[in-house]
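Single-structure report; data block below.
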There are 2 protein chains.
Amino acid sequence: MSKQVWKGSALLAPVPPALVTCGSGEAANVLTVAWAGLVNTRPPRLSISVRPERHSHPLICESGEFVVNLPTEKLVRAVDWCGVKSGRDVDKFAVMHLTKLEASAVGCPILGESPVNLECRVFQRIPLGSHDLFLADIVAIDVDEALLDGSGRLCLEKAGLLAYAHGEYYSLGRRLGTFGYTVRRRKNSTRR
Amino acid sequence: MSKQVWKGSALLAPVPPALVTCGSGEAANVLTVAWAGLVNTRPPRLSISVRPERHSHPLICESGEFVVNLPTEKLVRAVDWCGVKSGRDVDKFAVMHLTKLEASAVGCPILGESPVNLECRVFQRIPLGSHDLFLADIVAIDVDEALLDGSGRLCLEKAGLLAYAHGEYYSLGRRLGTFGYTVRRRKNSTRR
């Protein structure tokens, strides 16, 4: 293939267009954050990046807490709308019919409609330019029981997760393999 | 829906199972990094997390450079295999028939088979536990010309990008919407 060289831009894809809840009580808000990623396995940690001018930025700074609610195909309208509207102007939960439920470890709500909620506590904020990076511990997870099989295993493939790539929302498509599948049939070579 | 509360774990999904190239010349290596994400728009910045015991970790520390090569469905075997094998033991480019091409702005190679290569320069390393977080500027991008339309626009939906969720590799599925689609029909309400 022949390549063109472009200047740098934010073109990593796909990324998770997460519905992030923050604040508490009547002041709670929900916004869409696609600049999110896992950063550490033990302890489990993730990052989100939020523009300082967003209504949610001071809410996250003040409480040091937020929840990453995994998005699904059914939530795509809410995902898009909560990314372009501001909690300064409107109650996004009410307009999008999103249910605030009590979290187990943080003071901000989790979204009832999201099948997996990652409750997070910030341990570092790093200003990077247009966005501030919030590094956070994942302190608890809320999982929809409908996604658990008989042995209690999480069948996340049933969730209908949503991906974001270059300005477009996608469903997940075909399952192409499981981590380690290329070495699993050979004896003594599986590494994790 | 009814929810179970679990202890925290690294359950954000989907994430990009990126093929990261690093090092240079004969010492170049490629590894798979799913703990990757965008962290800033202006200037364009991303992060990857790498375990200190990985062969690539000192290569990235020494040069301060790496390339995030976007994975495609055709590369799923290489993505999996390069995540479980070590460059200490084997030339992963040779075994997986991956082509090293010269980057434009960094000293490590880009992968010819990947349609989009993000050339990155590290500006901060943060040890987080099992992984070190590398924060990096995206200093140049190499784009497959076959993905450009007549007006030079990148049609990333043609690339067949790969996603990773809870230990499984997926293709991207149906396109469900474009950023801002929920407000675009209403006058004077589009915000970016």
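Here are some notes:
- Inter-copy separations for A:ARG88, label at 7 Å along Cα-Cβ, nm, ascending: 5.3
- Footprinting exposure proxy for B:HIS131, B:HIS57 (fewest neighbouring C-beta atoms within 10 Å first): B:HIS57, B:HIS131
- What separates the A:ARG175 label point from its copies, with the point 7 Å along Cα to Cβ, is 2.7 nm, written shortest first.
- For B:GLU62, inter-copy label distances in nm, listed shortest first [label point 7 Å out on the Cα-Cβ vector]: 5.0
- Couplings 3J(HN,Hα) of region A:70-81, computed from phi: 5, x, 10, 4, 5, 9, 4, 5, 5, 4, 5, 5 Hz, in residue order, whole Hz [Karplus 6.51 cos²θ - 1.76 cosθ + 1.60, θ = phi - 60°; x for Gly and Pro].
- Sorted by Cβ density within 10 Å, fewest first, the residues B:LYS158, A:LYS92: B:LYS158, A:LYS92
- 14 Å beta-carbon shell around A:LEU148, net charge (K/R +1, D/E -1): -2
- Between A:ARG51 and B:LYS74, the distance separating the two model label sites (each 7 Å from Cα on the Cα→Cβ line) works out to 3.7 nm.
- Over region B:72-192, all Cα pairs binned in 5 Å intervals from 0 give whole-percent P(r) values of 2, 8, 12, 14, 20, 19, 11, 7, 4, 2, 1, 0, 0, listed from short to long.
- Listed residues A:ALA18, A:VAL90, A:ASN40: farthest to the positive end of the dipole of region A:18-171 (Cβ charges): A:ASN40
- Cross-link pairs exceeding 23 Å in C-alpha to C-alpha distance, out of A:LYS100/B:LYS3; A:LYS85/B:LYS7; A:LYS158/B:LYS85; A:LYS158/B:LYS7, comprise A:LYS85/B:LYS7; A:LYS158/B:LYS85.
- Taking 0.36 nm per residue of separation and subtracting the current Cα-Cα distance, fully stretching the chain between B:SER151 and B:ARG42 would add 36.8 nm.
- Relative contact order, percent, region B:57-192 [alpha-carbon distance under 8 Å, six or more residues apart]: 21
- Among residues of chain B, the one whose Cβ lies closest to the rotation axis carrying chain B onto chain A, together with that distance rounded to whole Å, is B:GLY37, 1.
- Residues B:THR99 and A:ALA27, FRET efficiency given R0 of 41 Å [Cβ-Cβ distance, rounded to 0.05]: 0.15
- Distance between region A:24-70 and region A:88-156 - C-alpha centres, whole angstrom: 9
Just so you know, all these numbers are worked out from the coordinates, no wet-lab data involved. Every value quoted in this text rests on a predicted model; they were computed, and no experiment measured them. With ideal geometry, Cβ positions are generated from the backbone for all residues, glycine too; neighbour counts draw on all protein chains shown.
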